[in-house]
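Structure record follows, encoded as structure tokens.
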Amino acid sequence: MTAPRFFHGGYPGLRPGALLRPPDTTATERTLSRLVAEGSGPAYATRTDVVYVTALRNAARVYAAFYPDGALYEVQPRGELEPDPDCREPGISWSCPAAEVLSVVDPVVLFRSRTPERWLRTLTRVRE
């Protein structure tokens, strides 16, 4: 049986072996939840004490774009995976204490290639 693959979209410039840590640890204020809330949208991934990962590459790609112009990574979760309570579709998004970058899938996902609304529509269609 093949182990599931996980992806993370966010801060650009990381290399394989880098450890993704929660915003509470890194003191970053640039989170998807904050960016969407500033645009009067619904809050996603609201916890700041965990790292979010997804099994869907295209979902992580949207998260990368909202950094903006972040990167898309394949990652290995570190610690216990918990289902993301903000995700309406089970089996798509999880949180964990940290994640290790296994590979850089796309070093730059350009936000400006689509409107914010189109990126969010992409996120709602990732299961299709």
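The figure for residue 47 is an accessible area of roughly 90 square angstrom, using a 1.4 Å probe on the protein chains alone. Surface composition of the range 50-90: carbon and sulfur make up 45 percent of the accessible area, probe 1.4 Å. In the context of the full protein assembly, residue 103 retains an accessible surface of approximately 40 Å², using a probe radius of 1.4 Å and ignoring ligands and nucleic acids.
The values are calculated or read from the model by the stated rules, or taken from the named source; none is laboratory data. Not measured: the values here are computed from a predicted model. When the accessible area is computed, the model is the full protein with side chains, heavy atoms only, and any ligands, DNA or RNA have been set aside. Shrake-Rupley method; radii C 1.70, N 1.55, O 1.52, S 1.80 Å.
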